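The values are calculated or read from the model by the stated rules, or taken from the named source; none is laboratory data. All values reported here derive from a predicted model rather than from experimental measurement. Glycine gets a Cβ as well: all are built from the backbone with ideal geometry, and neighbour counts include every protein chain shown. Quick note on the areas: whole protein, heavy atoms, side chains included, nothing else; ligands and nucleic acids left out. Shrake-Rupley method; radii C 1.70, N 1.55, O 1.52, S 1.80 Å.
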Amino acid sequence: MEMIERQIRQMTREDYLPDTQRLESSWKGLYIAGGVAALIAVVLFRRNLGAELTLLGSFGILDVPDAPPIGALEWFTLLQQNTIVGLILFGVSDLINYVLVGLIFLALYGALRRVDKSSMLVATTFGFVGIAVYFASNQAFSVLSLSDRFAAATNDAQRTLFLAAGEALLAIHNPGDITQGTGVHLALFLVISSGLLISIVMLRGAVFSKATAFVGILANGIALGYFVALIFAPSLIWLPASAYAPFRLIWYILIAVRLFQLASRGGFRSNTVSTTG
């Protein structure tokens, strides 16, 4: 009788575990991709790399203007003189950063979907809408194309036309202007709000540690102060970004470590109950 009971239990496990493991293993690749993206984002966690370029310029390593251009003619000139510097100052690195954030959000949805699926759906939707808005708003390559056409223009009428088109694009997104553009700010607000909601879900579940959740709440909560400063104290707009940066860096590292754990064999089985990471 005891042998029969053992066989029944074994058969039950064999019938059940493969389905569960297959369900979880389908997320393995995404957990790994999210973890790698989080580690890369540690390097690219800032909204752009303009400050780093300016620092290199101050040492004479690169020919970088003291501040990003504002007008179309200034942007055209910079992009023709040094295309890479011009594109980075225009925020092209943000495009890479937002792709990384998208991978992180997808992996976090997979990890936290059983904690609060509806909240994670809302958070992930916010994040991806924000990413889509930023991609639609960033005008780096459009301005680069216009700068090439401006440089190839053969008369003043053509140059005037290209300058007017450039100013129209800069009205949508201009990194040299403190307002930058509505789409850029909306994208950032949605992505930060998504991160804050995800951190709250982390706190309510046991997939990620409480430390990871609290660091995420601090990082994204402080980052929202950017919009308060933008409205009421533009001269202090740098303060929230500087304050939240170290917390976001730590948050990404903690997320990466836990996602790699979830991608391991033991991670599949502890997805909903583990308190480590």
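Quick notes on this structure:
- Residue in region 151-160 that is touching a residue at least 24 places away in the same chain (Cβ under 8 Å) and of a type outside the set (Gly, Ala, Ser) present: no
- Which listed residue, of Phe214, Phe247, is more than 30 Å from Glu167 (Cα to Cα), among the aromatic types (Phe, Trp, Tyr), over 14 Å from the mean Cα position of the chain (by Cα) and modelled with pLDDT of 95 or more: Phe214
- Applying the condition of being of a type in the set (Val, Ile, Thr) and part of a helix (DSSP H, G or I) to region 106-127 and asking which residue is least open to solvent (accessible area, probe 1.4 Å) yields Thr124.
- When the criteria are applied in full, Gly35 meets the requirement of being at pLDDT 85 or above and either part of a helix (DSSP H, G or I) or among the aliphatic types (A, V, I, L, M) (or both).
- Selection count where residues are small (Gly, Ala, Ser), under 14 Å from Phe141 (Cβ atoms) and surrounded by fewer than 22 Cβ atoms within 10 Å (Cβ to Cβ), scope region 73-105: 1
- Residue pairs meeting the criteria (Cβ under 8 Å; at least 6 apart or on separate chains; first within 15 Å of Leu108 (Cα to Cα), in region 185-200; second outside any helix (DSSP H, G or I)): Ile192/Leu224; Ser193/Leu224; Leu196/Leu224
- Test set (1) closer than 22 Å to Phe260 by Cα; (2) modelled with pLDDT under 95 - Phe105 fails condition number: (2)
- Here Ser264 meets each of (1) over 18 Å from the mean Cα position of the chain (by Cα); (2) open to solvent by 70 Å² or more (accessible area, probe 1.4 Å); (3) without any contact (Cβ under 8 Å) to a residue 60 or more places away in the chain with one exception, condition (2).
Here's the yes/no breakdown for (1) open to solvent by 10 Å² or more (accessible area, probe 1.4 Å); (2) farther than 22 Å from Asp94 by Cβ:
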{"site": "Leu161", "(1), (2)": "yes, yes"}
{"site": "Ile172", "(1), (2)": "yes, no"}
{"site": "Pro175", "(1), (2)": "yes, no"}
{"site": "Gln180", "(1), (2)": "yes, no"}
{"site": "Gly183", "(1), (2)": "yes, no"}
{"site": "Leu186", "(1), (2)": "yes, no"}
{"site": "Ser193", "(1), (2)": "yes, no"}
{"site": "Arg204", "(1), (2)": "yes, yes"}
{"site": "Phe208", "(1), (2)": "no, yes"}
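- Gly130 small (Gly, Ala, Ser), over 24 Å from Leu161 (Cα atoms), touching a residue at least 24 places away in the same chain (Cβ under 8 Å) and open to solvent by less than 30 Å² (accessible area, probe 1.4 Å): yes
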